[in-house]
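The values are calculated or read from the model by the stated rules, or taken from the named source; none is laboratory data. Computed from a predicted model, the values in this text were never measured in an experiment. Positions of Cβ are backbone-derived with ideal geometry, glycine not excepted, and every protein chain shown enters the neighbour counts. When the accessible area is computed, the model is the full protein with side chains, heavy atoms only, and any ligands, DNA or RNA have been set aside. Shrake-Rupley method; radii C 1.70, N 1.55, O 1.52, S 1.80 Å.
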Amino acid sequence: GVDVSGSVTDDKTADMFSHIVSGLQDIRFNTAHLLICDYVIRRTFTIESNDVDSFPTQFTDGGGGTALEPYFDWQEQHAPTAPMVILTDGESCDLNTLTEPGPPVLWLSWGIPAENYPFGEAIKIWQ
């Protein structure tokens, strides 16, 4: 999932997508889902069989506040066993009320400290 809330600059969004494409090119996958979210899911993309050429490179959607629960709601309904990777600054209205899902969660954070995420593994990226 990618945080496209108002606190995320266009340059940061472009940088995130560049890193996502690079990461997907390095791994083999059958299906990857990309969720674009601020306080609601704005767009979803499904990428099949390592077809990273179909991957979007930028978005203008978003710009509102940040909520993380929509990622987990979508996962529960559409991909309940899939692990989650969420790129966010962590400045969210619902971070401390989230319920841990069954599949693993990796937070890639450029905002709040990694230890502030309530579950999963968190890695501090960009400063």
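Can you tell me the accessible area per residue over the chain, all protein chains present, probe 1.4 angstrom, in square angstrom?
Computed with neighbouring chains in place, this is 55 Å² per residue.
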Residue (of Gly1, His33, Trp110) at the positive-pole extreme of the chain, dipole from beta-carbon charges:
His33
Compute, for the chain, the length of the dipole vector about the Cα centre, with Cβ point charges of +1 (Lys, Arg) and -1 (Asp, Glu) only. Units Debye, rounded to 20.
140
The chain, Gaussian network, Cα under 10 Å: of Phe17, Phe72, Phe29, the residue fluctuating most is Phe29
For the chain, what is the convex hull volume of its Cα atoms per residue in Å³?
98
Exposure rank, largest accessible area first [Val85, Val2; 1.4 Å]:
Val85, Val2
Rounded, prolate or oblate: pick one for the stretch 1-53, where a ≥ b ≥ c are the square roots of the eigenvalues of its C-alpha gyration tensor, a/c under 1.5 means rounded, and failing that, prolate if a/b is larger than b/c, else oblate.
oblate
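Leaving out ligands, DNA and RNA, and with a 1.4 Å probe, what % of the accessible surface on the chain is carbon or sulfur?
Details: 3280 of 6930 Å².
Within the chain, the accessible surface is 47 percent carbon and sulfur.
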Please give the length that would be gained between Thr81 and Glu48 if that part of the chain were fully extended, namely 0.36 nm times their separation in residues minus their C-alpha to C-alpha distance (nm, one decimal).
10.2 nm
